[in-house]
Amino acid sequence: MSRHDDKPSLDAVLGSIREDAPTRTEIDAAADRVRAALGFDAPVASASPIHIESCADFQALMP
Amino acid sequence: MGDDPKKEKAVHALPMPDPRTVPKTDAAVAALFELHHERVYRVARRLTGSREDAEDVLQTVFLRLVRREEPVPAAEEAASYLHRAATNAGLDLLRRRKASRSEPTDDLDRHPDPAPGPESSRVDRELREKVMNALAQLNPRAAEIFALRYFDGYGNREIARLLNTSWSTVAVTLHRTRAKLQSALKGDIQ
């Protein structure tokens, strides 16, 4: 095998980047910190959570 | 296409921040955060290779909405808008990092993978860093198109629609960007 063959292709490196996925724990921890920094309340499991199923539901949250 | 629409639909039923505690517009941004923070974080994480940088991007994207520096997107446009916002914020961060050279571009050494596999080898990380830095130095529009195609899995026609350009422009841009990256990475890749 030549030295050239030892090197990865551009597509192999791009594939490696694409496959590097964060864990659920990592995502949740980051989201918790950013929520706190932005002053958003943590999601709460209530009896009447907001459900967004349509544009109208979303627009109801706008001023 | 990027994320699974079925999954996004399922997320709609997640509990949201209590709107009684925040102004209405902030409630809308908070609702968008609950629906799309995962998408934004994943895009930023792929681009930066860093947990801390991805978190910075996540905060930056939504802070701009909270501060009204960017208009709050309509619900039906939010996913694509935030995907693009994350891509551009991630690329901006890489450009600034490259310009300042003040700190390392990945934090994998600071947050080591507990079970590193072959793909997280040192060589891989260095190459990944070189690819991302080379990409960040290219024309921002070309870098965005390349990231949407090769990291997020968008097709050429989807990218064209997203960026309001032609399919042929996307195809030519991708071809030229690949060639530039091949040239910039000469010696490191086949």
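The values are calculated or read from the model by the stated rules, or taken from the named source; none is laboratory data. Given the structure is predicted, the values throughout are model-derived calculations rather than measurements. A quick note on method: Cβ atoms are made from the backbone with ideal geometry, for glycine too, and the neighbour counts reach across all protein chains shown. Accessible surface areas use protein heavy atoms only, side chains included; no ligands, DNA or RNA. Shrake-Rupley method; radii C 1.70, N 1.55, O 1.52, S 1.80 Å.
At-a-glance table
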| quantity | calculated |
| --- | --- |
| Hey, B:Arg51 at pLDDT 90 or above, open to solvent by 70 Å² or more (accessible area, probe 1.4 Å) and facing chain A (nearest Cβ under 7 Å) or not | yes |
| Those residues of segment B:157-169 which are in a helix (DSSP H, G or I) and surrounded by fewer than 18 Cβ atoms within 10 Å (Cβ to Cβ), in sequence order | B:Arg157, B:Arg161, B:Leu162, B:Trp167, B:Ser168, B:Thr169 |
| Matching residues in segment A:20-34 - criterion: being more than 7 Å from chain B (Cβ to nearest Cβ) and either buried (at least 18 other Cβ atoms within 10 Å of the Cβ) or of a type outside the set (Gly, Ala, Ser) (or both) | A:Thr23, A:Arg24, A:Thr25, A:Asp28, A:Asp32 |
| Search result, residues across segment B:136-156 that are open to solvent by less than 10 Å² (accessible area, probe 1.4 Å) and facing chain A (nearest Cβ under 10 Å) | B:Phe146, B:Ala147, B:Phe151 |
| Condition check for B:Thr60: of a type in the set (Val, Ile, Thr) and more than 22 Å from B:Arg161 (Cα to Cα) | yes |
| Residue in segment B:73-94 that is among the basic types (Lys, Arg) and in contact with a Ser or Thr (Cβ under 9 Å, 6 or more places away or on another chain) present | no |
| Tally, over segment B:67-82, of residues that are assigned to a helix (DSSP H, G or I), in contact with a helix residue (DSSP H, G or I) (Cβ under 6 Å, 6 or more places away or on another chain) and either open to solvent by less than 30 Å² (accessible area, probe 1.4 Å) or within 23 Å of B:Arg96 (Cα to Cα) (or both) | 2 |
| Failed criterion for B:Gly187 (all others in (1) modelled with pLDDT under 95; (2) over 22 Å from B:Gly49 (Cβ atoms) hold) | (2) |
